[in-house]
Each structure stands twice: as structure tokens, then as C-alpha cells.
Amino acid sequence: MLSNLDPVLLARIQFAFTVSFHIIFPAFTIGLASWLAVLEWRWLKTGKQIYAEVYRMWVKIFAVTFGMGVVSGVVLSFQFGTNWSGFSDVGGNVLGPLLGYEVLTAFFLEASFLGIMLFGWNRVSPKMHFASTVIVAVGTLISAFWILSANSWMQTPQGFRIGQDGLLYPTSWLAVIFNPSFPFRFVHMVTAAYLTTAFTVAGVGAYYLWRKRHISHARVMLGMAMIMAIFVAPLQLLYGDLHGLNTLEHQPAKVAAMEGLWETQRGAPLILFGLPDQEAETTKYAIKIPKLSSFILTHSFDGEVKGLKEWPKDERPPVAVVFWSFRIMVGIGLLMIATGVIALILHFKKRLFDTRWFQYWCMALTPSGFVAVLAGWFVTEVGRQPWIVYGLLRTADATSPVLGTSIAISLTAFVIVYAFVFGAGIYYILKLIGKGPESLETAYGDHGIGKPPIVTDLAGEGGKQNV
Amino acid sequence: MFSLENIVNLPMIWYALIFTAVFLYILLDGFDLGVGVLFPFAPSDKCRDRMMNSIAPFWDGNETWLILGGGGLFAAFPLAYSVMMPALYIPVIVMLLGLIFRGVAFEFRFKATRNHVKIWDYAFHFGSLVTAFMQGMIIGAIVQGIEVEGRRFAGGAFDWLNAYSVMTGIAVVFGYGLLGSTWLIMKTDGETQNWARKSASYTVLYVAIFLAIVSISMPIMNEQIRTRWFTLPNLFYLVPIPTASLLLLIAIWRDIHSNREVRPFLMSFGVFLTGYIGIAISMWPYIVPFKITFNQAAAAPESQSLLLVGTVILLPMILAYTGYCYYIFRGKASHEAHY
């Protein structure tokens with residue numbers, strides 16, 4: 001039975017699974033690191049203990065999330081070779097240095113200064129500690145820069161030539177790194193990470209307010225998160241729109257799939273909902289708004305929008321996944337903007353921190369950023385199929401000479417291990433949230449609290465120190 | 001386009017750099033993996049806490065060298081990367097799973113309640129053990145050679161698995177055990193240090209035995225290696241390497257049984273260095289033994305040039321701030337408990 005398994009499909013599922021799992025963690029830590037830097041800066045500036053206490057609660061959650069991000073990320077850096085060696089061979093000259101720079105400029109920086117950030121409280125000055133937090137935050141952004149540049153190059157490749165041996169050779173590094181979709185993808189993703197963090201923090205703050213615990217800490221959390229919702233969520237809509245227009249220019253088939261449009265037409269309608277049918281080449285039960293799609297994409301009600309039938313069947317992405325993921329992402333984005341608007345109204349009515357239903361609302365939106373990030377990546381990654389390097393190398397031609405059986409087993413192992421390990425991670429994060437922030441006088445004996453854990457008697461009994 | 005091709009021998013520099021990155025990985029993650037290997041044998045839970053704390057600020061940085069090794073191989077020798085990873089599919093995946101368990105154990109263990117701590121103790125130990133064993137098997141498989149046709153791996157799913165690679169797997173487990181125990185001699189005292197000295201004296205014996213087996217077997221198994229080591233005048237130049245290993249092992253043995261604290265650790269580095277140089281000499285000039293040389297696998301000169309510029313600038317900085325972190329967390333893991 002196992003020998004009938006399609007190695008290409010299995011390799012794709014395995015990569016989709018491991019990369020989807022991984023992106024959850026950076027999506028959170030990119031935003032969290034920046035927020036922690038802001039908190040520590042507020043603390044040093046104002047001297048208010050409350051910021052330090054919020055910092056010390058969230059830095060523990062940061063540590064757990066970051067750890068999971070590291071271990072799930074190491075897997076990816078090897079999977080390019082274990083599962084996509086055809087791709088590594090053909091694209092290595094172009095993409096290799098980008099990933100190399102990610103390690104050299106970001107990973108070492110993050111890993112080294114994370115140690116000081118977590119364990120260095122009593123060993124370095126407050127300023128040096130703050131510097132470490134900032135360095136870690138900058139490190140996460142540098143990392144995002146390189147990996148999104150590499151991903152964007154696979155979407156919109158340029159700055160290379162095809163050698164006689166069929167391999168790709170770089171001709172301009174600036175063109176490679178700053179390829180057409182990169183600036184849009186970078187801004188869109190980093191903003192998404194900030195919003196993901198903001199809504200997670202908001203949800204936790206709302207939970208404390210709802211339970212009437214840690215009120216003053218919760219106000220800091222919810223308040224700062226709502227600043228993001230008010231100002232950044234609308235910007236994200238703009239960035240997303242610009243990113244979409246860029247995609248229309250370079251990957252029109254992806255946009256056709258996002259819109260569920262099959263026929264090329266002028267004055268194309270916006271399909272709100274429907275069931276795209278790949279076989280029948282139509283979107284069934286479509287609820288349409290006339291001409292709106294043309295307006296959004298071409299900024300003219302009679303602009304021409306290309307439909308999927310422009311491309312041969314074997315060059316079309318799986319439409320339904322792209323179509324629905326796009327709607328989930330946009331829907332959550334709109335909910336986030338609505339949250340900002342409501343928060344603004346409540347703020348002026350001076351009811352932001354004691355409106356019961358708004359607390360439920362924020363709690364319900366706690367995981368929204370993660371869902372939107374995943375949905376967004378589904379749109380962009382599934383939407384570029386069947387290509388791994390757009391227009392150049394098909395996914396099916398990029399695989400490794402590895403048996404389907406091997407991949408089936410490794411995929412199963414990944415599913416089981418990830419479910420167990422990351423399930424435990426979420427459990428510990430929830431426990432940390434349940435415990436909440438501690439006042440600095442009573443706090444003792446954990447990450448970044450009082451004495452650093454490296455010297456703390458974690459076994460508890462005191463007893464003989466000289467073990 | 002920018003290229004250093006005509007100024008320096010790019011493939012050779014990168015060959016050296018990749019070997020260096022992998023070596024630094026083996027040394028640095030070696031000692032914290034070694035601590036994981038020794039973990040359940042420690043005399044008390046308190047010892048285990050100290051052991052864990054002694055490496056907690058460093059493990060992530062140490063593991064980054066593995067990513068540099070993998071990423072660097074991809075960047076500088078994409079052909080070697082795309083041949084070796086499929087060839088070593090199973091051990092690489094198992095190693096990655098091992099790294100997951102031990103990596104998360106650091107954070108989870110600090111957060112866990114008493115009865116959960118045991119789970120993460122075992123995750124840490126078995127994760128480290130499996131990782132070390134797989135890395136040893138990977139080395140064993142590589143030195144035996146890899147089947148290649150054209151630009152692709154052409155062997156079977158289990159080519160890497162044989163008695164020899166099992167032996168090298170066990171060898172690396174003991175090697176990391178030596179690094180881990182000498183690290184603990186340096187970073188702890190009292191009961192933990194006494195136990196670490198005992199562990200070191202066992203592991204150093206096994207390391208000596210395995211080093212001897214590998215040194216003797218590699219020339220027997222492969223004619224190229226035999227010719228390289230046992231023809232004149234090579235022999236004269238190369239004899240100092242195994243001699244140095246032997247002297248270092250003896251010195252470690254003496255130091256463990258004296259009150260030296262730092263030197264055993266540094267000399268364990270030395271033993272690894274001599275062993276590693278020995279392997280590197282045997283592999284030269286191959287990057288996929290014994291099919292693809294580093295020149296054949298080299299990425300385009302433009303690619304190697306770009307990353308070389310970054311490496312020349314960034315690597316000293318990385319080493320500097322890594323050193324700074326070790327300096328910040330210097331001293332005994334347990335002494336600080338007094339203040």
C-alpha cells in the first residue's frame with residue numbers, strides 16, 4: 001500500500017505541514033519581541049514597575065514560543081535538501097546566499113542575545129538588558145527580511161540567467177534580493193505579525209479584565225494592543241491591496257484564483273462567496289457584486305481582469321483553497337479593523353476597559369491573527385502552484401530521489417511529534433497566562449525573575465547549595 | 001557582476017569554512033548534547049537542575065552553528081547539499097526530531113510542575129542521545145562514501161545503515177559525553193563536579209578506544225585514505241596528529257584525577273580537533289566522498305563571493321558576541337546561589 005504513495009504529493013504535504021506549524025511561532029515572536037522592547041523602554045523611561053511586570057510575564061511566553069520556533073525552523077533549513085533537492089540544485093546559486101545571510105545576520109544575533117534577555121537580569125546593566133531586547137527584536141526583523149526575500153524571489157524571480165547546464169545563475173544581487181513582490185510581502189507579513197501579537201495580547205488582557213484579575217496590567221495589555229488595532233489594522237488593508245495589485249501584475253493566475261474568476265472579462269464582478277469547481281471550470285452558487293472586482297484590481301469599472309481559462313489546465317493553481325483562504329484572511333482583517341473602530345468609540349466614551357461584550361469580542365479574536373497569517377500564506381503558496389519557482393521550475397520536478405514510503409513515515413512522525421511537543425507548548429503558555437503577571441517583590445525563581453535561574457535553586461528545598 | 005573569483009580560490013576557502021562551521025558546531029553543541037546524554041545518570045535532581053542551568057543560555061546559539069553548516073553547504077556547495085540530504089534522509093529527519101525534543105525541554109522544564117519535570121528530563125536525555133547517535137551515524141555514512149549518478153543521489157534509503165555507522169554513532173555519543181562531562185567539571189563544583197569527574201574518566205576511555213578503531217579502520221576500508229596516510233613523506237607530516245590525540249587523552253585522564261577544572265574541557269576540544277583534522281585529511285578533496293570534489297560542487301563564483309564578503313565581516317562579530325555571552329554567564333553555575 002505504502003509503495004503506491006505519490007512522493008511529490010507527500011513531500012508537499014510534509015512541507016506544508018512543517019512550514020505552517022513553524023510560521024505560527026515567528027508570526028507571534030516578531031511582534032512580541034518588538035512589543036517587549038517597547039515595554040522595557042517605557043519601564044526605563046517612566047520607572048513604572050507595571051511595565052516591567054508585564055514584560056516579565058510575556059518574556060516567559062516569548063521564551064517558550066521562541067524555543068518552539070527555533071526547533072521547528074531547523075527542520076525547514078534541512079528540508080530544502082531532504083525533500084526538494086531538485087530545487088536546491090537548480091536554485092542553490094541564487095537562494096543559497098540569501099539563506100546564508102539569514103543565519104549570519106539574524107539567527108546568531110537572536111540566539112546569543114536571547115540568552116541575556118532571559119537569564120541576564122542580574123548580570124548586565126538595565127541598559128545592556130534593554131539593548132539585548134532591542135537586538136533580539138531587530139534580529140527577528142532581519143530574519144524576516146531574508147526569508148521573505150527568498151520566498152518572494154521564488155514567486156517573482158528576476159536577476160538571474162539560465163545556464164547551459166539548466167541551473168540558475170545570479171546576474172544581479174540587488175535584482176534578486178529586491179525582487180518585485182518582496183517589498184510588499186515583507187511589509188504585509190511584518191504588519192501581520194504585529195497584529196497577530198496585538199490581538200493575542202488583547203485577548204489575554206480582556207480575559208484578565210473579564211475575570212477582574214491583574215486589572216492594571218490588563219489595561220496596559222489591552223490599551224497598547226488597541227493602539228495597534230486602531231492605527232495598524234487599517235494600514236494592513238492598504239498594504240494587502242497593494243500586494244494584491246503587485247500579484248496581479250506578476251502572477252495574474254493567482255489573482256484569478258483568489259477571485260474565483262474563470263472567464264476573462266471587462267467589468268468583472270466581485271464574487272463574495274461561491275464554490276469554485278476546478279473540473280467544471282466555474283464558480284458555483286456565486287454571490288456577486290457587479291463590476292467591483294474590475295474596480296478593485298484595475299481601479300476602473302470596465303477594466304479587464306484575466307480569468308483562469310487564460311492558462312492551460314496544468315498551469316492553474318488549486319482554486320478552491322486559494323479562493324477560501326483569501327476570504328478567511330480578508331474577513332479577519334475586516335474584523336480587526338472593526339475592533340479598532342469599536343475600541344476608539346469605547347475609548348471616547350471612557351468604557352474601553354469595562355465593556356463586558358467587548359471583552360468577549362477580544363477574547364474571541366485572540367487566535368485571529370494566527371488564522372489570518374496561515375490563510376494568507378495558503379493564498380500565496382498554493383496560488384503559485386504548480387510552480388516552485390514561478391514560471392521556471394515545477395514543484396513536481398523539484399523533489400528529492402526519496403521513496404514515498406520514507407516520506408510517509410517521516411510525515412507521520414512529524415505529525416505525532418509536533419502534536420505532542422507543540423501541544424505541550426500551548427499548554428504551558430496557557431498556564432503562564434493563567435498565572436498572570438507577578439509583582440516584582442514576590443516573583444522569584446523563574447525566567448528573568450529576581451535571581452537568574454542559572455543560579456536559582458530550582459529543586460526548591462534550599463538545603464545544601466554546594467551541589 | 002561582482003566576483004572574487006580571480007583574486008582568491010573561492011571553492012577552497014568555502015571548503016575550509018564549511019569544515020570550520022561544522023567543527024564549531026560539533027564542539028559547541030557537542031558539550032550541551034553531551035550534558036543531555038549524561039543527564040539521567042546524575043546523582044540527584046538538584047545536580048540535573050545545575051546541569052541544565054549551566055547550558056540554558058547557550059544551547060540556542062550553539063545549535064545555530066548547525067544551521068550555518070546546513071545553510072552554508074546549501075549556499076556554497078548546493079550540489080553536495082542536494083545529494084547528501086536525500087542520501088541521509090532518515091538519519092537527518094530522526095536527528096531533527098531529536099533536536100526538537102531536547103530543544104523544547106529547556107523551556108518546558110522550567111515551566112513544568114514537579115510531576116511533569118520527569119517527562120522533559122527524558123525528552124532532554126533521549127532527544128540529546130538520539131541526536132548525538134544520528135550525527136555519529138551520519139559521519140560514519142559519509143566517510144564510507146555516497147552513491148551518485150549525474151547530479152543526484154542514486155543509492156537506497158538505508159545505505160547509511162551498517163555496523164560501521166552504528167559504531168561511529170556510539171563513538172560520537174561517548175565523544176559528546178566527554179565534552180559534556182568536562183564542561184560540567186568546569187561549570188559546577190561539589191557533588192556534581194565529583195560525579196562529572198567520574199563520568200569523564202569513563203567516557204575518555206571509550207573515546208580513546210573508538211578513536212583508535214576509527215583511525216585503524218578508515219585506512220583499511222579505503223585505499224585512497226590508506227595511500228594518503230601511509231606513503232612517504234605524508235606519513236611524517238601526519239604522524240603528529242594521532243600522536244597529539246594520544247597525548248591529549250593521557251593529559252585529560254591525569255587532569256580529571258587532579259583538581260584541574262578548565263583544562264580538561266579545553267583538551268577535549270583538542271582531542272576533537274585532532275580527530276576532525278584526521279577525517280578532513282582523509283576526505284580531501286571530496287565534499288561528497290568519494291564522488292564529488294569541492295570544486296565540482298561549488299556554487300557559482302558570484303554566489304560564493306557574495307556570501308564570503310558577509311562571512312568575513314560577520315563571522316568575527318558573531319564570534320565576538322558569542323564570546324561576550326559566555327563571558328556574561330561565566331563562573332560556576334552553583335556558586336551564584338550564594339548571592
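The values are calculated or read from the model by the stated rules, or taken from the named source; none is laboratory data. Remember, predicted model here, so these are calculated numbers, not experimental data. Note that we place each Cβ from the backbone using ideal geometry, even for glycine, and neighbour counts take in every protein chain shown.
Among the β-branched types (Val, Ile, Thr) and within 22 Å of A:Val382 (Cβ to Cβ): does that describe A:Val255?
The answer is yes for A:Val255.
Just to check your reading of the model, which residue among B:Leu184, B:Leu211 is under 16 Å from B:Thr274 (Cα atoms) and out of contact with any strand residue (DSSP E or B) (no Cβ under 8 Å at 6 or more places or on another chain)?
None of the other options fit; the residue is B:Leu211.
Collect the residues in the range A:404-456 that are more than 30 Å from A:Ala11 (Cβ to Cβ), surrounded by fewer than 17 Cβ atoms within 10 Å (Cβ to Cβ), hydroxyl-bearing (Ser, Thr, Tyr) and modelled with pLDDT of 50 or more, keeping them in residue-number order.
A:Tyr427, A:Ser439
Residues A:Phe113, A:Phe119: which one is without any contact (Cβ under 8 Å) to a residue 60 or more places away in the chain, more than 30 Å from A:Asp165 (Cβ to Cβ) and not hydroxyl-bearing (Ser, Thr, Tyr)?
A:Phe113
Working only within the range A:367-386, note down all residues that are surrounded by 19 or more Cβ atoms within 10 Å (Cβ to Cβ) and not aliphatic (A, V, I, L, M).
Those that are surrounded by 19 or more Cβ atoms within 10 Å (Cβ to Cβ) and not aliphatic (A, V, I, L, M): A:Ser368, A:Gly369, A:Phe370, A:Gly376, A:Trp377, A:Phe378, A:Thr380, A:Glu381, A:Gly383, A:Arg384, A:Gln385.
Step by step: first the residues of the range B:18-62, then only those that are within 7 Å of chain A (Cβ to nearest Cβ) and of a type in the set (D, E, K, R), then the one that is nearest to B:Ala132 (Cα to Cα). Which residue is that?
Once the filter is applied, the top-ranked residue is B:Asp60.
When you go through A:Leu44, A:Leu10 one by one, which is the residue that is within 14 Å of another protein chain (Cβ to nearest Cβ) and more than 25 Å from A:Val371 (Cβ to Cβ)?
None of the other options fit; the residue is A:Leu10.
If I ask for residues that are in contact with a helix residue (DSSP H, G or I) (Cβ under 6 Å, 6 or more places away or on another chain), in a helix (DSSP H, G or I) and of a type in the set (Gly, Ala, Ser), which ones from the range B:156-188 would you list?
Answer for the range B:156-188, where residues must be in contact with a helix residue (DSSP H, G or I) (Cβ under 6 Å, 6 or more places away or on another chain), in a helix (DSSP H, G or I) and of a type in the set (Gly, Ala, Ser): B:Ser165, B:Gly169, B:Ala171, B:Gly175, B:Gly177, B:Gly180, B:Ser181.
Just for helices (runs of 4 or more DSSP H) wholly inside the range B:24-111: which have at least 1 residues that are small (Gly, Ala, Ser) and farther than 30 Å from A:Trp58 by Cβ?
B:59-76, B:78-87
Could you tell me whether B:Ala244 is more than 20 Å from the chain's Cα centre (by Cα), surrounded by 15 or more Cβ atoms within 10 Å (Cβ to Cβ) and aliphatic (A, V, I, L, M)?
no
Within the range A:20-41, does at least one residue satisfy the condition of being facing chain B (nearest Cβ under 10 Å), at pLDDT 90 or above, farther than 30 Å from B:Thr311 by Cβ and part of a helix (DSSP H, G or I)?
Taking every residue of the range A:20-41 in turn, none turns out to be facing chain B (nearest Cβ under 10 Å), at pLDDT 90 or above, farther than 30 Å from B:Thr311 by Cβ and part of a helix (DSSP H, G or I).
Which one is nearest to the other protein chains (Cβ to nearest Cβ), of the residues in the range B:110-139 that are surrounded by fewer than 22 Cβ atoms within 10 Å (Cβ to Cβ) and charged (D, E, K, R)?
Looking at residues that are surrounded by fewer than 22 Cβ atoms within 10 Å (Cβ to Cβ) and charged (D, E, K, R), I get B:Arg114.
Just to be sure I understand, how many residues within the range B:304-332 are part of a helix (DSSP H, G or I) and over 20 Å from B:Met1 (Cβ atoms)?
Residues that pass the stated criteria total 15.
Going through the range A:77-102 one residue at a time, which ones are more than 7 Å from chain B (Cβ to nearest Cβ) and within 20 Å of the chain's Cα centre (by Cα)?
Across the range A:77-102, the qualifying residues are A:Gln79, A:Leu98, A:Glu102.
Out of all the residues in the range B:139-186, which are under 13 Å from the mean Cα position of the chain (by Cα) and touching a residue at least 40 places away in the same chain (Cβ under 8 Å)?
B:Ile139, B:Thr168, B:Ala171, B:Val172, B:Val173, B:Gly175, B:Tyr176, B:Gly177, B:Leu178, B:Leu179, B:Gly180, listed by residue number.
Let me confirm something: among A:Trp361, A:Trp324, which residue is surrounded by 14 or more Cβ atoms within 10 Å (Cβ to Cβ), among the aromatic types (Phe, Trp, Tyr) and either under 19 Å from A:Phe199 (Cβ atoms) or modelled with pLDDT under 90 (or both)?
It is A:Trp361.
Whether any residue in the range B:151-162 is at pLDDT below 90, closer than 19 Å to A:Ser410 by Cα and among the acidic types (Asp, Glu) is what I want to check.
yes
Rundown of residues vs (1) crowded, with 24+ Cβ neighbours inside 10 Å; (2) modelled with pLDDT under 95; (3) touching a Pro at 6+ places or on another chain (Cβ under 9 Å); (4) under 30 Å from A:Tyr390 (Cβ atoms), yes/no style:
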position: A:Thr156; (1), (2), (3), (4): no, yes, yes, yes
position: A:Gly159; (1), (2), (3), (4): no, yes, yes, yes
position: A:Gly163; (1), (2), (3), (4): no, yes, no, yes
position: A:Leu167; (1), (2), (3), (4): no, yes, yes, yes
position: A:Thr171; (1), (2), (3), (4): no, yes, no, yes
position: A:Lys212; (1), (2), (3), (4): no, yes, no, no
position: A:Ile215; (1), (2), (3), (4): no, yes, no, no
position: A:Arg219; (1), (2), (3), (4): no, yes, no, no
position: A:Gly223; (1), (2), (3), (4): no, yes, no, no
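Considering only residues that are in contact with a strand residue (DSSP E or B) (Cβ under 9 Å, 6 or more places away or on another chain) and of a type in the set (A, V, I, L, M), which ones fall in the range A:75-94?
A:Val90, A:Val94
Please enumerate the residues belonging to the range A:407-428 that are touching a residue at least 40 places away in the same chain (Cβ under 8 Å) and either more than 9 Å from every other protein chain (Cβ to nearest Cβ) or part of a loop (DSSP other than H, G, I, E, B) (or both).
A:Ala408, A:Leu411, A:Val415
Yes/no matrix, rows are residues, columns are (1) within 14 Å of another protein chain (Cβ to nearest Cβ); (2) within 24 Å of B:Asn194 (Cβ to Cβ); (3) part of a helix (DSSP H, G or I):
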site	(1), (2), (3)
B:Ala251	no, yes, yes
B:Arg254	no, yes, yes
B:Arg260	no, yes, no
B:Phe269	no, yes, yes
B:Phe272	no, no, yes
B:Gly275	no, no, yes
B:Ser282	no, no, yes
B:Ala299	yes, no, no
B:Glu302	yes, no, yes
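Determine, yes or no, whether B:Tyr81 is without any contact (Cβ under 8 Å) to a residue 12 or more places away in the chain, within 27 Å of A:Thr412 (Cα to Cα), of a type in the set (Ser, Thr, Tyr) and at the interface with chain A (Cβ under 7 Å from one of its Cβ atoms). Explain how you work it out, then say what you get.
On the way: without any contact (Cβ under 8 Å) to a residue 12 or more places away in the chain: yes; within 27 Å of A:Thr412 (Cα to Cα): yes; of a type in the set (Ser, Thr, Tyr): yes; at the interface with chain A (Cβ under 7 Å from one of its Cβ atoms): yes.
For B:Tyr81, the condition - without any contact (Cβ under 8 Å) to a residue 12 or more places away in the chain, within 27 Å of A:Thr412 (Cα to Cα), of a type in the set (Ser, Thr, Tyr) and at the interface with chain A (Cβ under 7 Å from one of its Cβ atoms) - is met.
Restrict the check to the range B:146-157 and report whether at least one residue is surrounded by fewer than 20 Cβ atoms within 10 Å (Cβ to Cβ), in contact with a Gly (Cβ under 9 Å, 6 or more places away or on another chain), among the aliphatic types (A, V, I, L, M) and within 12 Å of chain A (Cβ to nearest Cβ).
Yes, that holds for at least one residue.
Mind listing whichever residues of the range B:194-233 are without any contact (Cβ under 8 Å) to a residue 12 or more places away in the chain and either surrounded by 21 or more Cβ atoms within 10 Å (Cβ to Cβ) or farther than 30 Å from B:Val166 by Cβ (or both)?
Scanning the range B:194-233 gives B:Asn194, B:Thr231, B:Leu232, B:Pro233.
From A:Leu248, A:Leu242, A:Leu261, which residue is outside any strand (DSSP E or B), in contact with a Gly (Cβ under 6 Å, 6 or more places away or on another chain) and touching a residue at least 24 places away in the same chain (Cβ under 8 Å)?
A:Leu261
Could you check the range A:115-127 and list, in sequence order, the residues that are more than 9 Å from chain B (Cβ to nearest Cβ) and assigned to a helix (DSSP H, G or I)?
Across the range A:115-127, the qualifying residues are A:Met117, A:Pro126, A:Lys127.
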